[in-house]
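All remarks here apply to the structure that follows.
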């Protein structure tokens, strides 16, 4: 796949996934606060978790983007792009709820101490930061720096893949919120 197409796909994914995430902030409070029967997170908690996880991923993305842009003067981008390949399937699995075991760090657990409006604004800003990084690296520069991602045994991934990971993580939780809403609808109709 040409790098321009991959960047376009990531951009489209960010827009689509985060537009859908944004709709969950407008759900009625009883839907947002419903605790599923498995005692999992409420939709409010899931939204906070998305913002927390994106916060920590963006620290890596910000640092990686800076290093990738510095590497342009030290590496041959054309040669690197000719050799560019990765396992797209493993990244796609990130976006599927319960597709593999995932133990999240405690600092990514929702606390309930942040207002829903603040979480919404944070998530919007996080999406915009990802898009800004794509704008800053339009020619494939993001492949010039990799760091290890242990989730789903992804191994060394580049800056573009980290941005896609962030979008796939949010997509994963869209599925979870949909399950919560479906269960809530059954609960109120019983």
- Total residues in region 138-167, condition farther than 25 Å from residue 73 by Cα, surrounded by fewer than 21 Cβ atoms within 10 Å (Cβ to Cβ) and in contact with a helix residue (DSSP H, G or I) (Cβ under 8 Å, 6 or more places away or on another chain): 5
- Query: Which of the residues belonging to region 92-114 are closer than 20 Å to residue 148 by Cα and either modelled with pLDDT of 90 or more or assigned to a loop (DSSP other than H, G, I, E, B) (or both)?
  - Reply: 95, 100, 101, 102, 103, 104, 105
- Query: How many residues are outside any helix (DSSP H, G or I) and under 16 Å from the mean Cα position of the chain (by Cα) if we restrict to region 58-91?
  - Reply: 0
- Query: Only one residue in 4, 30, 9, 48 is surrounded by fewer than 19 Cβ atoms within 10 Å (Cβ to Cβ), in a helix (DSSP H, G or I) and under 18 Å from the mean Cα position of the chain (by Cα), so which one is that?
  - Reply: 9
- Query: Is it fair to say residue 185 is surrounded by fewer than 18 Cβ atoms within 10 Å (Cβ to Cβ), modelled with pLDDT of 95 or more, out of contact with any strand residue (DSSP E or B) (no Cβ under 6 Å at 6 or more places or on another chain) and more than 18 Å from residue 108 (Cα to Cα)?
  - Reply: no
- Message: Taking the criterion of being in contact with a helix residue (DSSP H, G or I) (Cβ under 6 Å, 6 or more places away or on another chain) and within 15 Å of residue 11 (Cα to Cα), would at least one residue in region 96-115 satisfy it?
- Response: no
- Which of the residues belonging to region 106-147 are free of Cβ contacts under 8 Å to residues at least 24 places away in the same chain and within 16 Å of the chain's Cα centre (by Cα)? 121, 125, 128, 132
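The values are calculated or read from the model by the stated rules, or taken from the named source; none is laboratory data. These numbers come from a predicted model, not from an experiment. Heads up, the Cβs are rebuilt from the backbone with ideal geometry, glycines too, and the neighbour counts pull from every protein chain shown.
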